[in-house]
Amino acid sequence: MGRILPFKAYKYRIYPTDVQMVFFAKTFGCCRLVWNKMLDEKQRAYKNKERIPRPTPAKYKKEYPFLKEVDSLALVSVQNYIEDAFRNHFKNRKHFKLPKFKKKKDKQSYTTYNVNNLIRVDFERSLLYLPKLREGVKIELHRRFEGRIKSVTVSRTSDGKYYASILVETENPRNKVVEPKSKACGIDLGLEHFATVTNDFGSYKVEHPKYLRRGEERLKRLQRSYSRKQKGSKNSEKARLRLAGQHAYITNARNDFLHKLSKAIIDENQVVVVEDINVKVLLKTRLAKSIADSGWSKFLSYLKYKAEWYGRTFIQVDRFFPSSKLCHRCGYKNDDLTLHDRTWCCPTCGETHDRDVNASINLYYVGLGRPEVKPVEQALVDDRSPYGLPKKPPCDEAGSSTTKG
Ligand SMILES: [Zn+2]
């Protein structure tokens, strides 16, 4: 068994469509009906000093076949709530009164559980997926959360506003803050490698995960296969489902990779500096697709909010900072550097640079110059770096051309 984690509720406004409002109204009504039926049975037995029954929602489905139309887990939650209410009452009769019948004019709500991960939140598209609502409900996600969703309570206020309260299994991030081992870190994002990172211990490259590459190739094959099928045919529907499944797999796998990498970087460093990726998008428009695929902007947004959570500083340097063109050793600016130059030799100091490593070292120096940098307890020198420790930072204007992200 895993540890028991604390739960945290996040409440958001949701905007159901007319059809979804009807579905919610039905579900509220069915939950109320099941609650009142169960309560009635229990109360009668209680008054007659009989053994109190523990009915399940299935019992009422014959008499009220419309119960089958709503989310069955919502009905299960009614059963759980009423059992809890009775259990509490018998434990402490003064404090816990017997539950009451529900009326239509009471606040309307239902709770459903996350079984088989049917409940999901899409932070990019602002959608909440609930059982029986596969198309998703529009949700205003004013804040992020991380962790497994346990349950969701959908409610409607008397003035017709809808809310979803999402219960998330999460550790309080404040309890989990680790001391940074490195003062600063510079990250250069790339196409060949996902990222090149420099921190107090040196530089290293992070590869694009192989499973993502393979998954993306399969996705392309499925896309072609789907577009060849006759629209509306059975085979076309099958191909569409396979394609949708692969899309979901890729999205989850990529998010997982980006979460783990961003968390590791935030844990390790006090100040994290990245370049402005707009420059790259502008410069390499033909590569826009693969840039979008590589998940840069998602990665940066993860770094940004994790930095907030864990008390780190996240900085995006402005687009005019020449991270690739500056020699990190002597500060010489190589204006002739083209996009195709993977390595270059500094004419002033003679140092040969790997383009990405040099850029990440320059970004690292920007971080080192920040006032947020505190002394850290230096751990043993990391053995990851094939590029050696960065040399002493040059005294240039690097620190002044930053914007706080
Ligand atoms: Zn130089």
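The values are calculated or read from the model by the stated rules, or taken from the named source; none is laboratory data. Predicted, not measured: the structure shown is a model, and the values here were computed from it. Don't worry about glycine lacking a Cβ; one is built from the backbone with ideal geometry, like all the others, and counts go over all protein chains shown. To get the accessible areas, we keep the full protein, side chains included, count just its heavy atoms, and leave off ligands, DNA and RNA. Shrake-Rupley method; radii C 1.70, N 1.55, O 1.52, S 1.80 Å.
For the chain, what's the relative contact order in percent, using C-alpha pairs closer than 8 Å and at least 6 residues apart? Mind showing how you got there, number by number?
On the way: 618 pairs, mean separation 67.2, N = 405.
Rounded, it is 17 percent for the chain.
Given Cβ point charges of +1 (Lys, Arg) and -1 (Asp, Glu) and nothing else, what value in debye, to the nearest 20, does the dipole of the stretch 60-213 about its Cα centre take? Could you put the intermediate results ahead of the total?
Numbers: 32 positive and 19 negative charges, 240 e Å.
Using Cβ point charges on Lys, Arg, Asp and Glu, the stretch 60-213 gives about 1160 debye.
How are the alpha carbon pair distances in the stretch 98-214 distributed across 10 Å bins from zero to the largest one, expressed in percent?
All Cα pairs considered, the percentages come to 10, 25, 25, 23, 10, 6, 2.
If the reach is capped at under 13 angstrom between alpha carbons, list the aspartates and glutamates near LYS102, excluding any in the same chain fewer than eight residues apart.
ASP40
Do the sum for the chain: with -39,500 (n - 2.57) for every DSSP H run of n ≥ 4, divided by all residues, what is the mean residue ellipticity at 222 nm, to the nearest 500 deg cm²/dmol?
Values: 8 runs with 146 residues, N = 405.
After summing the helix terms and dividing by residue count, I get -12000 deg cm²/dmol.
Expressed in nm to one decimal, what extension gain is obtained for the pair ARG125 and SER233 from 0.36 nm per residue of sequence separation less their Cα-Cα distance?
Details: separation 108, 0.36 × 108 = 38.88 nm, distance 2.89 nm.
Result for the pair: 36.0 nm of gain on full extension.
Using the membrane-span-like helix rule (whole DSSP H runs, Cα extent along the own axis of at least 30 Å, mean Kyte-Doolittle hydropathy at least -1.0), which helices of the chain qualify? Before the final figure, lay out each step's value.
Values: long enough: 18-47 (43 Å, -0.26); 234-268 (51 Å, -0.77).
Within the chain the helices that satisfy the rule are 18-47, 234-268.
Can you give the net charge of the other residues whose Cβ lies under 11 Å from the Cβ of HIS259, counting K and R as +1 and D and E as -1?
Working: positive: ARG254, LYS260, LYS263, LYS298, LYS306; negative: GLU146, ASP256.
Cβ neighbours under 11 Å give a net charge of +3.
Please identify every one of the trypsin sites (Lys or Arg not before Pro) in the stretch 87-122 that sits in a loop by DSSP and has no more than 15 other beta carbons within 10 Å of its own beta carbon.
Working: sites: ARG87, LYS91, ARG93, LYS94, LYS97, LYS100, LYS102, LYS103, LYS104, LYS105, LYS107, ARG120; in loops: ARG93, LYS94, LYS97, LYS100, LYS102, LYS103, LYS104, LYS105, LYS107.
Here the trypsin sites (Lys or Arg not before Pro) that fit, given the DSSP loop and packing criteria, are ARG93, LYS94, LYS97, LYS100, LYS103, LYS104, LYS105, LYS107.
R0 = 35 Å: FRET efficiency of HIS89 with ARG143, Cβ-based, nearest 0.05?
Values: r = 36 Å, r/R0 = 1.04.
Between HIS89 and ARG143 the formula returns 0.45.
Mind checking which of GLN270, GLY311, LEU33 is farthest towards the positive end of the chain's charge dipole, using Cβ charges of +1 (Lys, Arg) and -1 (Asp, Glu) about the Cα centre?
LEU33
Give me the percent of accessible area attributable to carbon and sulfur for the stretch 86-142, probe 1.4 angstrom.
Details: 2080 of 4170 Å².
Roughly 50 percent of what the probe reaches on the stretch 86-142 is carbon or sulfur.
Restricting attention to the stretch 142-246, which trypsin sites (Lys or Arg not before Pro) occupy a DSSP loop and are surrounded by at most 14 other Cβ atoms within 10 Å?
When the trypsin sites (Lys or Arg not before Pro) of the stretch 142-246 are filtered for loop state and at most 14 Cβ neighbours within 10 Å, ARG143, ARG144, LYS161, LYS231 remain.
Report, in whole Å, the centroid distance computed from the Cα atoms of the stretch 132-146 and the stretch 314-335.
40
Taking N as the number of residues in the chain, what is its alpha-carbon radius of gyration divided by 2.2 N^0.38 Å? Please list the in-between numbers first.
Working: Rg = 28.0 Å, N = 405, 2.2 N^0.38 = 21.5 Å.
Compactness ratio reported: 1.30.
Please list, or write none, the lysines whose alpha carbon is within less than 18 Å of the alpha carbon of LYS68, excluding same-chain residues fewer than 8 places away.
LYS68 reaches LYS26, LYS37, LYS59, LYS132.
Using the crude model of +1 on Lys and Arg Cβ and -1 on Asp and Glu Cβ, and no other charge, please compute the dipole size for the stretch 65-127 relative to its Cα centre, in debye to 20. Could the numbers behind the result be given before it?
On the way: 14 positive and 7 negative charges, 135 e Å.
The dipole magnitude comes to about 640 debye.
Can you give the Rg and Dmax of the stretch 192-242 based on its C-alpha atoms, in angstrom?
Cα-based Rg and Dmax for the stretch 192-242 come out at 18.6, 59 Å.
Taking 8 Å as the Cα distance limit and 6 or more residues as the minimum spacing, I'd like the relative contact order of the stretch 163-223 as a percentage. Before the final figure, lay out the partial values.
On the way: 45 pairs, mean separation 11.4, N = 61.
Contact order relative to length: 19 percent.
Using the crude model of +1 on Lys and Arg Cβ and -1 on Asp and Glu Cβ, and no other charge, please compute the dipole size for the chain relative to its Cα centre, in debye to 20. Write down the numbers at each step before the final one.
Details: 81 positive and 46 negative charges, 691 e Å.
Dipole about the Cα centre, nearest 20: 3320 debye.
For GLU63, what charge total do you get from the other residues with a beta carbon under 14 Å from its beta carbon, if Lys and Arg give +1 and Asp and Glu give -1?
Working: positive: LYS37, LYS59, LYS61, LYS62, LYS68; negative: ASP40, GLU41.
Taking every other residue near GLU63 into account, the sum is +3.
How much net charge surrounds GLU207 when only the other residues with a Cβ under 11 Å from the Cβ of GLU207 are counted, with Lys and Arg +1 and Asp and Glu -1? The partial results should precede the final answer.
Values: positive: LYS205, LYS210, ARG213; negative: GLU192.
My count for the surroundings of GLU207 gives +2.
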